[in-house]
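Only one structure is covered here, and it is reproduced in the block below.
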Amino acid sequence: MTKLSVNINKIATLRNARGGNLPDVVKAAIDCERYGAQGITVHPRPDERHIRYRDARDLKPVVITEFNIEGNPEPRFIDLVLEVKPHQVTLVPDAPDAITSNQGWDTIKYRNHLSDIIAEFHKHGIRTSIFVDPDPRMAEAAALTGTDRVELYTESYAAGYHADRQKAITPFVESARAATAAGLGLNAGHDLNLDNLRYFVQTIPGILEVSIGHALIADALYYGLETTIQLYLRELKPWLPV
Ligand code: PXP
């Protein structure tokens, strides 16, 4: 079954709005796991406007499920990941001033760059995933970097879901096929929510992990964190009808 990794950046954004430690990011991670999350994701950015580098260090000893650190592999990020040694690092080509991740890697153009970074992470036993657009060529080229997985960037799927979900998912089906044929594991994330999640994981079986932040934390305002996580986990059960 697909694992749910909760991206807790928005908890840090709320905390940072006041300058104190409320809500407590470490407590939130522990609680997400208590409520059933199978992973915790953080995305530190150079300006530390959401998750701080210090948070990643503090989270390492308390995360008992899977710890995923995602971000642009600039030198400070690489040093952090090598120090913290999460289970997985997800490489994202986001510009420092981007509001959120807004594109996947061009794995053809950046093949050598990515290969070097991935080799370094592998030396330290850290699994790697590369964030890619839904383009089978990007998945195929990703495999040449030596990465373990790709994360399919699902923004366009989410944006097109209500108009025509079959059309919206087609490039993802093709990319997933290419990635699997090349021997890569599959993750997915961005803008997944309680409406669009089930159709995605049922149409593309074999998604190992989804990482979800914005919609999940927004839903928690209404339903509470425990109920919200249960609702997302229910969507991942493969036997429920779409
Ligand atoms: N995957 C990656 C690589 C991301 O950058 C993000 C957002 O930080 C997500 C998944 C989660 O997206 P969302 O917050 O829309 O659920």
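Here are the numbers for this structure:
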item	result
Qualifying positions in segment 1-18 - farther than 23 Å from ARG76 by Cβ, more than 16 Å from the chain's Cα centre (by Cα) and either of a type outside the set (A, V, I, L, M) or part of a helix (DSSP H, G or I) (or both)	LEU14, ARG18
Every residue from segment 42-54 that is surrounded by 21 or more Cβ atoms within 10 Å (Cβ to Cβ) and either of a type in the set (Val, Ile, Thr) or more than 14 Å from the ligand (Cβ to nearest atom) (or both)	VAL42, ILE51
Odd one out for ALA95, checked against (1) in a loop (DSSP other than H, G, I, E, B); (2) in contact with a strand residue (DSSP E or B) (Cβ under 9 Å, 6 or more places away or on another chain); (3) under 22 Å from THR145 (Cβ atoms)	(2)
Enumeration of residues in segment 112-140 that are touching a helix residue (DSSP H, G or I) at 6+ places or on another chain (Cβ under 6 Å) and part of a helix (DSSP H, G or I)	PRO136, ALA139, GLU140
Set GLY39, GLY20: member being exposed (fewer than 14 other Cβ atoms within 10 Å of the Cβ) and either within 15 Å of the ligand (Cβ to nearest atom) or more than 24 Å from LYS237 (Cα to Cα) (or both)	GLY20
Hits in segment 213-242 - residues which are in contact (Cβ under 8 Å) with a residue 60 or more places away in the chain and farther than 23 Å from VAL42 by Cβ	LYS237, PRO238
Failed condition for ALA178, given (1) small (Gly, Ala, Ser); (2) buried (at least 19 other Cβ atoms within 10 Å of the Cβ); (3) within 13 Å of the ligand (Cβ to nearest atom)	(3)
Looking only at segment 122-159, and only at residues there that are among the small types (Gly, Ala, Ser) and more than 15 Å from the ligand (Cβ to nearest atom), the one that is nearest to THR100 (Cα to Cα)	ALA139
Residue among THR100, THR147 that is part of a loop (DSSP other than H, G, I, E, B) and in contact with a helix residue (DSSP H, G or I) (Cβ under 6 Å, 6 or more places away or on another chain)	THR147
Test: ASP191 is within 16 Å of the ligand (Cβ to nearest atom), farther than 15 Å from ALA37 by Cβ, acidic (Asp, Glu) and modelled with pLDDT of 95 or more	yes
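So that you can scan it fast, the table gives a plain yes or no per residue for (1) without any contact (Cβ under 8 Å) to a residue 12 or more places away in the chain; (2) buried (at least 22 other Cβ atoms within 10 Å of the Cβ); (3) more than 15 Å from the chain's Cα centre (by Cα):
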residue: ILE130; (1), (2), (3): no, yes, no
residue: GLU140; (1), (2), (3): no, no, yes
residue: GLY146; (1), (2), (3): no, no, yes
residue: LEU152; (1), (2), (3): no, yes, no
residue: ALA163; (1), (2), (3): yes, no, yes
residue: GLN166; (1), (2), (3): yes, no, yes
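Let's see how each residue does on (1) outside any helix (DSSP H, G or I); (2) buried (at least 16 other Cβ atoms within 10 Å of the Cβ); (3) in contact with a Lys or Arg (Cβ under 9 Å, 6 or more places away or on another chain):
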position	(1), (2), (3)
SER156	no, yes, no
LEU192	yes, yes, no
ASP195	yes, no, no
TYR199	no, yes, yes
VAL210	yes, yes, yes
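The values are calculated or read from the model by the stated rules, or taken from the named source; none is laboratory data. Small disclaimer: the values here were computed from a predicted structure and weren't measured. In this analysis, Cβ positions are derived from the backbone assuming ideal geometry, glycine residues included, and neighbour counts consider all displayed protein chains.
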